[in-house]
Amino acid sequence: MRLAITAGDPAGIGPEIVAAALRERFEAEIRVIETGPPCPGRPSAETGRAALAAVDRAVDLALSGAVDGVVNAPVSKRHIHEAGFPFVGHTEHIAARAGVKAPTMLHVSEKLIVSIVTTHVSIRKLPSLITAERVLRTIRDTHEAMRTFFGKLEPRLAVAGLNPHAGEGGAFGREEIAAIAPAVETAKKEGLRVSGPLGGDTIFARAVAGEFDAVVAMFHDQALAPLKTIARDSVNVTLGLPFVRTTVDHGPAFDIAGTGRADAGPMIRAVRVAETMVKARATLL
């Protein structure tokens, strides 16, 4: 098994948590060697450019077959923008470089697994992006990921509504009627165990209580606000790529970079999840 692990923005905690993850994984002494002026806590366009170059190199290695998967430490969208690159996020950038038009963002923790129909989009644009096609594709991707990577042969999926109380029969919006419910019904006809649309205010508590194996959410904060409230170990997985890809569910934390206060636990888990996924995929080949 071969993984390409990027160190993220060199001014953030990425280099130190990657080194800690490698020490944990290989039980060896890993040292971070400076290749330029020390810059912990001092991000710039230069550090943003370096972070993106590492991501691109890792993806190229994966596409060539030189590595089986990619694990990313956190980057700064702002400083990549300052370097002159239009960068929405890891998920969209890596998918575009791999020629994948419709990746699915999945977040994995011990207590909760949740996928998202949309990725990094504004709330203003969100309703127009909730289509039956997108919702059904996310349901299918989540179902297949649970079967392939996480040992759930018949996963129980719950699909959230977009509006309060899942639209209340159209009183608070019609996205549930026009897009979400039809996608759920199609998935059921395909034999998937799926429920919804369900209110976003109760769906996560029901999943954590064991009623569902995974939740399909409609947008970024609907998924990640509850997830990050209850779990410190979540890992971001990109589905739909021709290789395994994971990353941590936090930012570069410039304010504590170089202080020794960074928690490497999420990075360690991102590597472990990638290893689990690579092994699972290998059994299917």
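The values are calculated or read from the model by the stated rules, or taken from the named source; none is laboratory data. Note that the coordinates shown come from a computational prediction; the quantities given were computed from them, not determined experimentally. As a convention, Cβ positions derive from the backbone with ideal geometry for all residues, glycine included, and neighbour counts pool all protein chains shown.
Please specify each residue of the stretch 165-181 satisfying the condition of being at negative phi and within 26 Å of the chain's Cα centre (by Cα).
The initial filter retains those residues of the stretch 165-181 that are at negative phi, namely 171-172, 174-181.
Scanning the stretch 165-181 gives 175, 176, 179, 180, 181.
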Query raised in the report: Does the stretch 202-224 include one or more residues that are outside the structural domain of residue 180 (by TED's automatic domain parsing), in contact (Cβ under 8 Å) with a residue 60 or more places away in the chain and among the polar types (S, T, N, Q)?
Result: no
Requested in this report: Could you please let me know if residue 248 is in the same structural domain as residue 146 (by TED's automatic domain parsing), of a type in the set (Val, Ile, Thr) and buried (at least 21 other Cβ atoms within 10 Å of the Cβ)?
Outcome: no
Query - Candidate set from the stretch 242-255 (those that are outside any loop (DSSP other than H, G, I, E, B) and under 23 Å from the mean Cα position of the chain (by Cα)); member that is farthest from residue 141 (Cα to Cα) - result: 254
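Pick from 121, 117, 159: which is touching a strand residue (DSSP E or B) at 6+ places or on another chain (Cβ under 9 Å), outside the structural domain of residue 271 (by TED's automatic domain parsing) and either within 30 Å of residue 62 (Cβ to Cβ) or among the small types (Gly, Ala, Ser) (or both)? Don't jump to the end; show me each part of the working.
On the way: 121 fails: touching a strand residue (DSSP E or B) at 6+ places or on another chain (Cβ under 9 Å); 159 fails: either within 30 Å of residue 62 (Cβ to Cβ) or among the small types (Gly, Ala, Ser) (or both).
On inspection, the qualifying residue turns out to be 117.
Got a sec? Which helices (runs of 4 or more DSSP H) wholly within the stretch 111-202 have at least 2 residues that are touching a helix residue (DSSP H, G or I) at 6+ places or on another chain (Cβ under 9 Å) and crowded, with 21+ Cβ neighbours inside 10 Å? Quick ask: steps written out before the conclusion?
On the way: elements: 126-129, 132-149, 181-189.
So the answer is 132-149, 181-189.
Does the stretch 37-80 hold any residues that are polar (S, T, N, Q) and either in contact with a His (Cβ under 8 Å, 6 or more places away or on another chain) or surrounded by fewer than 19 Cβ atoms within 10 Å (Cβ to Cβ) (or both), and which are they?
Listed by number, the residues that qualify are 44, 47, 64, 72.
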